Amino acid sequence: MKSEIVDRGDVRFIKLSGKITIGSGDVELRHLVHSALDDGKKKIVLDLGKVSTIDSSGIGEMVAAYTSVAKRDGQLKLMHLPSKINDILQVTQLITVFDVLDSDEEVMSSFS
C-alpha cells in the first residue's frame, strides 16, 4: 500500500492506493491514523479511490481507526469508495457506520 498525506486546513486527507490486506497495508493504515491523531488532527479522511484490494484485516483496521478517532473526539470519514469496497461495507452493514463522501467540497462542508 502507498499513501499520500494532504492537510487542508484542519482536515487531514490520507490518500491510499494499492492493497489494504493483512501484512500489506493494515498496520500502515493504523500508523497513518494514529500519526494524524498525534499531530492533533481530529478531522481525518481516508481517500480510498485508488485502493485495489481490501480484506477482512483491512476492514477491521478501518473500523479500529474509526473507533480510535471517535475516542479522541474526532471524526473519520471515507471518500472515493471503489465499488468493491462499497459492496463489502454494504454486505457487512458497516456502510451505516462510516460517513462516505464523493468530493473534497462535500468533505470540507461536512465538517463545518
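Since every read-out is calculated from the coordinates, none of them should be taken as a lab result. It should be emphasised that the depicted structure is a prediction, and the values quoted were computed from it without experimental measurement. As a convention, Cβ positions derive from the backbone with ideal geometry for all residues, glycine included, and neighbour counts pool all protein chains shown.
With label points built 7 Å along Cα→Cβ from the Cα atoms of Ser83 and Lys50, find their separation and express it in nm.
About 2.2 nm, to one decimal.
So if I place +1 on the C-beta of Lys and Arg and -1 on the C-beta of Asp and Glu, and nothing else carries charge, what would the dipole magnitude of segment 1-80 be about its Cα centre? I want it in debye, nearest 20.
180
So how do Ile44, Ile88 line up by other beta-carbon neighbours within 10 Å, fewest first?
Fewest to most other Cβ atoms nearby, the residues stand as Ile88, Ile44.
Using the basic label-point model (7 angstrom from Cα toward the beta carbon), what is the Val6 to Ser35 distance in nanometres?
Rounded to a tenth, the inter-label distance reads 1.7 nm.
Through the Karplus equation 6.51 cos²θ - 1.76 cosθ + 1.60, θ set to phi - 60°, convert the phi angles of segment 73-84 into ³J(HN,Hα) values in whole Hz; use x for Gly and Pro.
Values per residue, Gly and Pro as x: 6, x, 10, 10, 10, 10, 9, 6, 6, x, 4, 4 Hz.
Taking neighbour counts of Cβ atoms within 10 Å as a proxy for exposure, in what order, fewest first, do Ser52, Ser103 appear?
Ser103, Ser52
How large are Rg and Dmax for the chain when calculated on the C-alpha trace, in angstrom?
Just the Cα atoms of the chain yield Rg and Dmax of 12.6, 36 Å.
First select every other residue whose beta carbon is under 14 angstrom from the beta carbon of Asp102; then total the charges, Lys and Arg +1, Asp and Glu -1.
-4
Considering only DSSP beta bridges where both residues belong to segment 2-110, give the percentage that are antiparallel (nearest 5). If you can, show how the numbers build up before the last one.
Details: 8 of 26 bridges.
Approximately 30 percent, going by the DSSP bridge assignments.
Say each of Val27 and Phe111 gets a label point 7 Å from the Cα, pointing the same way as Cα to Cβ; how far apart are those two points in nm?
A separation of 2.9 nm, rounded to one decimal place.
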